[in-house]
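Worksheet for the structure shown next.
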Amino acid sequence: MTASPEHFVDFQNVWLAYNDELLAQNHFAVEDINLQVKQGEFIAIVGPSGCGKSTFMKLTTGLKKPSRGTIYVDGQPVNGPLKISGMAFQSPSLLPWRTTLDNVLLPLEIVEPYRSNFKEKKAEFEARAIQLLQTVGLGGYERKFPWELSGGMQQRASICRALIHEPKMLLLDEPFGALDAFTREELWCILRDLHAMQKFNVILVTHDLRESVFLADTVYVMSKSPGRFVVQRNIDLPRPRDLEVTYTPEFTNIVHELRGHIGAMRKTGAAIQQ
C-alpha cells in the first residue's frame, strides 16, 4: 500500500506490541489502527488511562515502529524520528539554567539543518523566537528564568519551543492537564489562534472532553488496552470558536455524547462509529 496524497497522516492497519515476546503472545498495546488526517487538520484523541493514546503519539513521530502495518506522514513512510514535528507535554520541562528565550531556541541548536548555521543566524533565530513569545503573551519575559514564570507561562514557552523550527505537525500530550481551569482556557485560545495562523497539523491527547471539542476538527475515542479507535466524531461547530460556545447546548451535547461512549466502553471495543 502507498500513501494517499490527500492525507498528511495515514495509518494503515497498524499494530504494536512492545517486544517480541508480547508479539509472539499476540499481546498488543494498540491494534488495527486505520486513521487518515487531512492537511492542516486538528484532531484530538480521548479515552481511558492506559488505552494507548501516548503510544499512538510515539508511533506518529517515529519513536516507536509498528509491529504490523505502515505509517505515512507528509507522504513519506515513517521509519525513524521525524524532524517535521514538534512536541509539548504536560510538564513544560524547561531547562532551569536557561532563560525563556534560550529554552525556546534549544531545538534550533540541536536539530539540523538549523544546528549547522545557528551561530551565523542566531540574531535571526532570536528575532523569530521573540516574535513567537509575543504571540503567546510572553513579550518582555524573554530574559526570565523558568522559576520566575507561572505554570501557565512555562507551558506557553514550551509550546513556543515546540513551534520554533516551524514544524508541519504539532503533537500535544496532555499539555494543559496540570493547570487551573482559567489558565487552561486561556491556552486553548492561544493554541486555537496559532493553529488558525499557521495551519500546521495538530494531534492532541487529552482527558478533557471540553478541551477536545473546543479545539479539534475531529475527536477520536480510543478503547481500553489494546487501544483501537472506536468512535470518530466530527466537530461541526463553526470556526473561529470563542469560549462562549462552550456554554451552548450544541457544545454540551457533543461533550455528553463523547462521555457516554467512554462510559459505555468495554475491553472488546467496537467498530468505528461516525
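The values are calculated or read from the model by the stated rules, or taken from the named source; none is laboratory data. This one's a predicted model, so the numbers in the text were calculated from it and none came from an experiment. Note that we place each Cβ from the backbone using ideal geometry, even for glycine, and neighbour counts take in every protein chain shown.
What the table below lists for this structure:
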| read-out | value |
| --- | --- |
| Matching residues in segment 209-244 - criterion: being among the polar types (S, T, N, Q) and in a loop (DSSP other than H, G, I, E, B) | SER223, SER225 |
| Members of segment 134-177 found to be among the aliphatic types (A, V, I, L, M), out of contact with any strand residue (DSSP E or B) (no Cβ under 9 Å at 6 or more places or on another chain) and closer than 18 Å to PHE214 by Cβ, listed by number | VAL136 |
| Hits in segment 221-235 - residues which are at pLDDT 95 or above and either under 21 Å from ILE190 (Cα atoms) or of a type outside the set (S, T, N, Q) (or both) | ARG233, ILE235 |
| Members of segment 31-42 that are loosely packed, with under 15 Cβ neighbours inside 10 Å and under 17 Å from SER223 (Cβ atoms) | ASN34 |
| Failed item in (1) surrounded by fewer than 21 Cβ atoms within 10 Å (Cβ to Cβ); (2) farther than 11 Å from ALA44 by Cα, with GLN155 passing the rest | (1) |
| Sole residue being within 23 Å of the chain's Cα centre (by Cα) and not assigned by TED's automatic domain parsing to the domain that holds VAL37, chosen from ALA129, ALA123 | ALA129 |
| Enumeration of residues in segment 194-215 that are closer than 20 Å to PHE11 by Cα and aliphatic (A, V, I, L, M) | VAL202, ILE203, LEU204, VAL205 |
| Extreme residue, nearest to THR183 (Cα to Cα), among residues of segment 93-134 that are in contact (Cβ under 8 Å) with a residue 60 or more places away in the chain and in contact with a Leu (Cβ under 9 Å, 6 or more places away or on another chain) | LEU94 |
| Some residue of segment 62-70 being modelled with pLDDT under 90, basic (Lys, Arg) and in the same structural domain as VAL219 (by TED's automatic domain parsing) | no |
| Residue that is modelled with the highest pLDDT [pool: residues in segment 15-30 that are surrounded by fewer than 22 Cβ atoms within 10 Å (Cβ to Cβ) and outside any loop (DSSP other than H, G, I, E, B)] | TRP15 |
| Selection status of THR60, in contact with a Pro (Cβ under 9 Å, 6 or more places away or on another chain) and either touching a residue at least 24 places away in the same chain (Cβ under 8 Å) or surrounded by 15 or more Cβ atoms within 10 Å (Cβ to Cβ) (or both) | no |
| Of all residues making up segment 174-208, the number that are in a strand (DSSP E or B) and of a type in the set (A, V, I, L, M, F, W, C) | 4 |
| From LYS65, LYS83, residue being assigned to a loop (DSSP other than H, G, I, E, B) and within 16 Å of the chain's Cα centre (by Cα) | LYS83 |
| Some residue of segment 25-34 being in contact with a helix residue (DSSP H, G or I) (Cβ under 7 Å, 6 or more places away or on another chain), more than 18 Å from PHE89 (Cβ to Cβ) and either free of Cβ contacts under 8 Å to residues at least 60 places away in the same chain or aromatic (Phe, Trp, Tyr) (or both) | no |
